[in-house]
Amino acid sequence: MSAPVIDIRGLVTRFGTNVVHQDIDLSVEAGEVVALVGGSGSGKTTLLRQVIGLLRPDAGQIRVFGQPLFSGDALADRRLRQRFGVLFQQGALFSALNVLENIAFPLRELRWLDRATIRDLVMMKLAMVELEPRHAWLMPSELSGGMIKRVALARALSLEPELLLLDEPTAGLDPDRSAAFVSLIRTLRGQLGLTVVLVTHDIDTLAALATRVAVLGERRILAYGPLDHVMNVDHPFIQNFFASDRLQRRPDVTVR
Amino acid sequence: MSAPTVSFDREGAAPVASLCGDWTLQGLEGRVDALRAALDTGEARAAARWDLTGIARIDSLGACLLWRIWGDRLPPTLDAGEHTLAMLESASVLGTRSRLATPQSTSFDSLAQLGRAGLSFGRQIGDLVALIGQLLLDLLHIARWPRDAPLREISANLYKTGVSALPITALVGFLIGVVLSYLSALQLKTFGADVFIINILGIGIVRELGPVLVAVLVAGRSGSAMTAQLGVMRVTEEIDALATMGVPRSLRLVLPKVLALVTALPLLVLWTSSAALFGGMVAASIQLDMSYGFFLDTLPRVVPIANLYIGLAKGVAFGLVIALVACHFGLSVKPNTESLSSNTTKSVVSAITCVILVDALFAIATRHIGLPGG
């Protein structure tokens, strides 16, 4: 398959008079892990929400798997949405359902799988995200932050998506857990052959996962390419973004 | 995408089962039962070797299906690609089906549930009493330190529960007055007892209907809003944030609501009763040709003023009940959407039930007051 998984052309987003994106072009090839980075308010999450189809761009076109997100055909739109999984920043687990029902929900919505098979699939997904069967009967309010992310990841994976979209996958996790979560995503990506798009602030996550990095700023994409290539782009924001991080990692320099 | 298929080869004594195609969620849609049937034959059970090299893609569903068909284990001789093998191994966490069974319910469960419901009711009553106690302590606190009085919150709640309820209560009151007057007039006319319409409307509305009508409206309108507000604040941890700033939640959140409703409800009772009497007066003048002047002149003579005091006292009591019940259920919301909706429902239903209960107590306690011949 040579067609890009995500293809964004001439995207424009405005909130009132505030222009967030101006003529953005971006394409993501199959099997890649693309990280969207940028300062607060640069429209990373907005861009992600447009790719998911939660927001409509003011101009321009987004194609996912070569198909438009809003084709006008409800059935085709639904099929398309079943081909990607989304991990929301806060997990967005259904608080009234337990872990088992949360992960089973998208499978039940297919309406052709029997209960026992759904139960088996949920247990496999739980094992994939390294949770134990006894966790299946917990409610979301009884889970720790790291477990919420894992359950949300399991739910995002339940329809065997080819594309996985992650919004701040490691935000709110301590460094240990965040490293564990990153390695989990990396393992799963290897096993399942996923294409991944993630929004992140965390450079460790970025360095560990991303094959390519897109830097958003000044309403456009400032740079797009492999991490070492992007890091050497001569632009004040990019230099600042990566420099502050380098500073933090040097033990002899105290950051105030 | 190619459809998943099964075929059997007989090479002498050792039959081979070969699987081909896409054993994925998309590929298997609508074919699961057919494949299960094809693999649940004597031929399949007799297969000495399984050839899975023809499988193009396999995901959790395909792996889990095969795992169950093979009787919760991998067959002894298996040819498969690396990816297929990895997927099948990930299905081995399923083990045998019984291992993952749900916790079974026993016959004791219904009895235990009854006990739990009783205990929960007792806990609710305990919490409510604790809330009332806390409010009394807060009032004492304010008496000693008047600067801590949540005046702005009280005023905001007065506006929300009182002022903005004026139009709807007036409308409902007016219409009820019209209906009551019209129906009574029809009956009274046949006895030629037209003039008693004023007694009926006066005592009925001022003493009973006005307060209960307002209480039901306010319980639905403000009680549910209070429960939902406190509930959402609990879900989003805003109440915890307040507590960490040293702001006591009962003083800042519950007390203003209770005081505001206790103040607003009697005033609303007065307002709604007036609207209802006005509606009754209009209907009486149309139906019975009774002039406004006669109606207004007779009203104070046939309805003792004690009825108005009873009505206002009911307003105070109902306001207290509604606010306490609403706040109690709001504070006991658990951090999930289901609990929020069920508590809001419970709040409104309990508030109205309590109002009717208190109304009955009032009726008994005041049976000798303000009724002609009582």
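The values are calculated or read from the model by the stated rules, or taken from the named source; none is laboratory data. As the structure is a computational prediction, the values presented were derived from the model and not from experiment. Cβ atoms come from the backbone with ideal geometry, glycine included; neighbour counts cover every protein chain shown. What goes into the accessible areas is simple: the full protein's heavy atoms, side chains included, and nothing from ligands, DNA or RNA. Shrake-Rupley method; radii C 1.70, N 1.55, O 1.52, S 1.80 Å.
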Below 10 angstrom from the Cβ of B:Gln287, what's the summed charge of the other residues (Lys, Arg +1; Asp, Glu -1)? -1
Per residue of A:125-136, other chain Cβ atoms within 10 Å number on average 2
Part-to-part distance (alpha-carbon centres) for the range A:117-185 and the range B:289-353, which is given in Å: 49 Å
Using alpha-carbon pairs under 8 Å, 6+ residues apart, how would you state the relative contact order of chain A in percent? 24 percent
Reachable lysines, given that their alpha-carbon falls under 19 Å from the alpha-carbon of A:Lys149 and they are not under 8 places away in the same chain: A:Lys125
For the range B:5-99, place one equal point scatterer on every Cα, skip the solvent, and apply the Debye formula. What is log10 of I(q)/I(0) at q = 0.12, 0.16, 0.19, 0.24 Å⁻¹? -0.34, -0.62, -0.89, -1.43
The A/B contact buries a total accessible area, at probe radius 1.4 Å and rounded to the nearest 100 Å², of 2200 Å²
Given the protein assembly as shown, what percent of its DSSP beta bridges are antiparallel, to the nearest 5? 50 percent
The range A:26-126: relative contact order as a whole-number percent, Cα under 8 Å and 6+ apart: 12 percent
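Give, in whole angstrom and from largest to smallest, the semi-axes √(5λ) of the equivalent ellipsoid of chain B, with λ running over the eigenvalues of the Cα gyration tensor.
Numbers: eigenvalues 1034, 158, 70 Å².
After scaling each eigenvalue by five and taking roots: 72, 28, 19 Å.
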Lys and Arg at +1, Asp and Glu at -1: add these up for the other residues within a Cβ distance under 11 Å of A:Arg9 and post the number. -2
With every protein chain present, what accessible area does B:Lys334 have (1.4 Å probe, heavy atoms only), rounded to the nearest 10 Å²? 130 Å²
Measure nothing fancy, just the Cα-based angle from helix B:166-191's long axis to the longest principal axis of chain B, in degrees from 0 to 90, nearest 10. 60 degrees
Rg ratio (alpha-carbon, reference 2.2 N^0.38 Å) - the protein assembly as shown: 1.35
Determine the distance separating the Cα centre of the range B:111-165 from the Cα centre of the range A:1-70; give it in Å without decimals. 49 Å
Accessible area of B:Thr161, 1.4 Å probe, to the nearest 10 Å²? 10 Å²
How well do other chains shield peptide B:354-367, expressed as the mean number of their Cβ atoms within 10 Å of each residue Cβ? 0
Scattering curve values for chain A, log₁₀ I(q)/I(0), Debye with Cα scatterers, q = 0.12 Å⁻¹: -0.75
Work out the mean other chain Cβ neighbour count within 10 Å for the residues of A:107-120 and drop it here as an integer. 3
Compute the signed sum of charges (Lys and Arg +1, Asp and Glu -1) over the other residues within less than 12 Å, Cβ to Cβ, of B:Pro211. 0
Please give the helix B:82-91 orientation as an angle from the longest Cα principal axis of chain B, in degrees from 0 to 90, rounded to the nearest 10. 50 degrees
How many percent of the accessible area of the range B:123-365 is carbon or sulfur, using a 1.4 Å probe? 72 percent
How large is the accessible surface of B:Ser342 in square angstrom, using a 1.4 angstrom probe and rounding to the nearest 10? 40 Å²
On a straight-distance basis, which aspartates and glutamates could pair with B:Lys257 in a cross-link, Cα separation under 16 angstrom, same-chain partners fewer than 8 positions away excluded? B:Asp138, B:Asp148, B:Glu153
Length gain on complete extension for the stretch B:Asp194 to B:Ala243, per 0.36 nm per residue less the alpha carbon to alpha carbon distance? 11.5 nm
About its Cα centre, the range A:37-161 carries a charge dipole, from +1 on Lys and Arg Cβ atoms and -1 on Asp and Glu Cβ atoms, whose size in debye to the nearest 20 is 180 debye
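Mean separation of Cα pairs under 8 Å and 6+ residues apart, divided by the residue count of the range B:123-365: what relative contact order is that in percent?
34 percent
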List the aspartates and glutamates whose alpha-carbon lies under 15 Å from that of B:Lys189, not counting same-chain residues fewer than 8 positions away? B:Asp289
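Ignoring ligands, DNA and RNA, how do B:Val232, B:Val333 rank by accessible area with a 1.4 Å probe, largest first?
Ranking B:Val232, B:Val333 by accessible area, largest first, yields B:Val232, B:Val333.
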Tell me the angle of helix B:60-69 to the major Cα principal axis of chain B, expressed in degrees between 0 and 90 and rounded to the nearest ten. 70 degrees
Projected onto the charge dipole of chain A (+1 at Lys/Arg Cβ, -1 at Asp/Glu Cβ, origin at the Cα centre), which of A:Leu184, A:Phe237, A:Thr46 gives the Cα projection farthest towards the positive end? A:Thr46
